[in-house]
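This report refers to the structure that appears directly beneath it.
The values are calculated or read from the model by the stated rules, or taken from the named source; none is laboratory data. Since we're looking at a predicted model, the values are computed, not measured. All Cβ positions, glycine included, derive from the backbone under ideal geometry; neighbour counts span all protein chains shown. To get the accessible areas, we keep the full protein, side chains included, count just its heavy atoms, and leave off ligands, DNA and RNA. Shrake-Rupley method; radii C 1.70, N 1.55, O 1.52, S 1.80 Å.
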Amino acid sequence: MKHDHFVVQSPDKPAQQLLLLFHGVGDNPVAMGEIGSWFAPLFPDALIVSIGGAEPYGTTSGRQWFSVQGVTEDNRQARIDAIMPVFIETVRYWQKQSGVSPQATALIGFSQGSIMSLESIKAEPGLASRVIAFNGRYATLPETATTATTVHLIHGGEDRVIELSHAVAAQEALIAAGGDVTLDIVENLGHAIDEHSMQFALDHLRFTVPKHYFDEALSGGKPHDDDVIEMI
């Protein structure tokens, strides 16, 4: 499968986790790969890959998943739905290449990359065990959700590109639907990722226990074999 990508880290031994990074509109996988460098030291056994958007961004070298030219609340979902099979196929490709299951896969996005990551688990529940959405949103809020994926929303309090209200609405919708979600607001931050944002992301991957572990314990079930390598 041909697509723009940049490998941030490839462990010598078979990967135990898969971290896929998705950039914003007009950016590129190499630039987004700098975010991946924050995760590499803490997850030395992870394959970390920054993925480029499926479409060119105008005449620049940047990429995008869908055009934002003339995008509205009414047509955004249709644009996402049109390209979503390619996004899901890309995630599945790297899961197959790495031998890492969805239970040990994290999707990490910024802006449009967050939108695609959030929408992908709405379209394909269980595609990944974690989504870290920096300054993102849903196109349309989910009406159903499972605890198979833990969603971490991290948003700048002063974001004027994707308003904080979208992240708050996403959290409320996921809670109402029975999902597993956290929301961290970075005060005085606009549409960007800073050290505080990154610390929230790193701490969640290392220390936040997915809700489905508690659900399995309460039901008397045993974790699946793949769960032992899930990022917690």
If Val181 satisfies every condition in (1) closer than 18 Å to Gln103 by Cα; (2) of a type in the set (A, V, I, L, M); (3) modelled with pLDDT of 95 or more; (4) over 17 Å from the mean Cα position of the chain (by Cα) but one, which is the exception?
-> (4)
Scope region 52-67; condition open to solvent by 20 Å² or more (accessible area, probe 1.4 Å) and outside any loop (DSSP other than H, G, I, E, B); matching residues = Glu55, Pro56, Arg63
With respect to the numbered conditions (1) more than 29 Å from Pro14 (Cα to Cα); (2) of a type in the set (A, V, I, L, M); (3) open to solvent by 20 Å² or more (accessible area, probe 1.4 Å); (4) in contact with a helix residue (DSSP H, G or I) (Cβ under 9 Å, 6 or more places away or on another chain), which one is the sole condition not fulfilled by Ile115?
-> (3)
Test Thr150 against the criterion of being surrounded by fewer than 21 Cβ atoms within 10 Å (Cβ to Cβ) and touching a Pro at 6+ places or on another chain (Cβ under 6 Å), and give yes or no.
-> no
Only one of these conditions is not met by Gln77: (1) outside any loop (DSSP other than H, G, I, E, B); (2) open to solvent by 60 Å² or more (accessible area, probe 1.4 Å); (3) out of contact with any Pro (no Cβ under 8 Å at 6 or more places or on another chain). Which number is it?
-> (2)
Have a look at Leu19, Leu107, Leu47 and point out the one that is buried (at least 22 other Cβ atoms within 10 Å of the Cβ), farther than 22 Å from Ala192 by Cβ and either in contact with a helix residue (DSSP H, G or I) (Cβ under 6 Å, 6 or more places away or on another chain) or among the small types (Gly, Ala, Ser) (or both).
-> Leu47
Would you mind finding the one in Val49, Val25, Val86, Val71 that is assigned to a strand (DSSP E or B), of a type in the set (Val, Ile, Thr) and within 24 Å of Lys122 (Cβ to Cβ)?
-> Val49
Which residue pairs have Cβ atoms closer than 9 Å, lie 6 or more positions apart in sequence or on different chains, and pair a first residue in region 44-70 that is more than 22 Å from Ala139 (Cβ to Cβ) and modelled with pLDDT of 95 or more with a second residue that is open to solvent by 40 Å² or more (accessible area, probe 1.4 Å) and among the aromatic types (Phe, Trp, Tyr)?
-> Val49/Phe6; Ser50/Phe6
Confirm whether Lys122 is free of Cβ contacts under 8 Å to residues at least 24 places away in the same chain and within 30 Å of Pro14 (Cβ to Cβ).
-> no
Val161 at negative phi, open to solvent by 50 Å² or more (accessible area, probe 1.4 Å), of a type in the set (A, V, I, L, M, F, W, C) and not in a helix (DSSP H, G or I) | yes
Can you give me the number of residues within region 164-204 that are assigned to a helix (DSSP H, G or I) and within 23 Å of Pro142 (Cα to Cα)?
-> 15
Which one of these is under 18 Å from Trp38 (Cα atoms), of a type in the set (Ser, Thr, Tyr) and at pLDDT 95 or above: Ser129, Ser120, Ser165, Ser197?
-> Ser197
Among the numbered conditions (1) farther than 18 Å from Ala128 by Cβ; (2) part of a loop (DSSP other than H, G, I, E, B), tell me where Ala15 comes up short.
-> (1)
Is it fair to say Leu141 is out of contact with any Pro (no Cβ under 9 Å at 6 or more places or on another chain), open to solvent by 10 Å² or more (accessible area, probe 1.4 Å), among the hydrophobic types (A, V, I, L, M, F, W, C) and free of Cβ contacts under 8 Å to residues at least 40 places away in the same chain?
-> yes
Which one of these is part of a loop (DSSP other than H, G, I, E, B), of a type outside the set (D, E, K, R) and within 21 Å of Gly52 (Cα to Cα): Tyr138, Tyr93?
-> Tyr138
